[in-house]
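Since the structure comes first, as structure tokens, the remarks are kept for the end.
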Amino acid sequence: MKFEELIAIDFDNKELIETALTHSSYANQHKNMKYNEKLEFLGDAVLQLAITEYIYKEFTDKTEGDLTKIRALVVCEASLYEVSLAWDLGKYIKMSKGEEMTGGRKRPSLLADTVEAIIAAVYLDKGLEVANKFIIDNFIDIIDGAIKNEIILDYKTNLQEILQENGEVNIKYEMIKYVGPPHRRKFQSRVVIDSIIMGIGEGYSKKESEQTAAKDALTKFVRPEGE
């Protein structure tokens, strides 16, 4: 599989990577097909452990509070989304036509969840040592950015600052819908700028969905060089 070549992992159990790359919308249209939500759950735990162990060993001069902050910056949807972009992950995911038509291949939350599923697949197929190396190799730039305070998680503030450089604009966040049971409810929001929808995002809280919507909108704005 081309994606295996891309991430430099040759899976012994091909079903694992196939499942990791299968969204529920696709599986729902194909009887008895597995999809990646349970792998996401496991991948989140493996990622947390790998990053925690790495920063604990590498940054011995940091306090517990410092390490907690660094980990929060690295183990989050925004960072997972950055990794997905490096892999051009969107084009490899199996999803329904409906999901694709509503922007699924570019949706930060969907891509971030799939990265977690892939991490779990690597762990189950190759073991913890290989999974740890895989994680650090793919997250090392993000870890460096967290150490240097170069990671911005408040995308709403960043978007507002960029847009208001040239005068006042009307920025409004609207919740589109929410799905799922109360213990794992997923929200979808959009950011509307001067009556134009500029970004859509999802998250497991209304606040998180607004942040990912702002991040989506930010991809449409580029600061001039030198700023």
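The values are calculated or read from the model by the stated rules, or taken from the named source; none is laboratory data. Bear in mind that the values here come from a model prediction, so they are computed numbers and not experimental data. All Cβ positions, glycine included, derive from the backbone under ideal geometry; neighbour counts span all protein chains shown.
Mind listing just one residue for me: the one in the stretch 169-183 that is outside any helix (DSSP H, G or I) and not aliphatic (A, V, I, L, M) and, of those, surrounded by the fewest Cβ atoms within 10 Å (Cβ to Cβ)? Let's see the steps before the verdict.
Taking the stretch 169-183 as the starting set, the residues that turn out to be outside any helix (DSSP H, G or I) are 169-181.
With the extra rule that they be not aliphatic (A, V, I, L, M), the set shrinks to 170, 172-174, 177-178, 180-181.
Values: 170: 10, 172: 10, 173: 18, 174: 12, 177: 10, 178: 16, 180: 10, 181: 7.
Once the filter is applied, the top-ranked residue is 181.
Applying the selection to the stretch 94-129, what residues are touching a residue at least 60 places away in the same chain (Cβ under 8 Å) and among the aliphatic types (A, V, I, L, M)?
The answer is 95, 110, 115, 117, 118, 119, 120, 121, 122, 124, 128.
Output the residue which, of all residues in the stretch 184-203 that are outside any strand (DSSP E or B) and closer than 17 Å to residue 24 by Cβ, is modelled with the highest pLDDT. Show your work before the answer.
Pass one, the stretch 184-203, residues outside any strand (DSSP E or B): 184-185, 194-195.
If we keep only those that are closer than 17 Å to residue 24 by Cβ as well, we get 184-185.
On the way: 184: 71, 185: 82.
Here the answer is 185.
Out of the residues in the stretch 72-93 meeting the condition of being touching a Gly at 6+ places or on another chain (Cβ under 9 Å) and without any contact (Cβ under 8 Å) to a residue 60 or more places away in the chain, tell me which one is farthest from residue 25 (Cα to Cα).
Ranking the candidates gives 84 first.
Out of the stretch 204-216, which residues are touching a Leu at 6+ places or on another chain (Cβ under 8 Å) and modelled with pLDDT of 90 or more?
214
So if I check each of 67, 73, 111, 124, which one is within 26 Å of residue 187 (Cα to Cα), aliphatic (A, V, I, L, M), in a helix (DSSP H, G or I) and at pLDDT 90 or above? Break it down into steps so the answer makes sense when it comes.
Values: 67 fails: within 26 Å of residue 187 (Cα to Cα); 73 fails: at pLDDT 90 or above; 124 fails: within 26 Å of residue 187 (Cα to Cα).
Just a single option satisfies the conditions, and that option is 111.
Could you give every pair whose Cβ atoms fall below 9 Å, whose first residue belongs to the stretch 50-62 and is among the polar types (S, T, N, Q), and whose second residue is assigned to a loop (DSSP other than H, G, I, E, B), counting only separations of at least 6 or pairs across chains?
Note: pairs meeting the criteria are 52/75.
So, of the residues in the stretch 163-206 that are within 22 Å of residue 105 (Cα to Cα) and of a type in the set (Asp, Glu), which turns out to be farthest from the chain's Cα centre (by Cα)?
Filtering the stretch 163-206 for residues that are within 22 Å of residue 105 (Cα to Cα) and of a type in the set (Asp, Glu), the one farthest from the chain's Cα centre (by Cα) comes out as 174.
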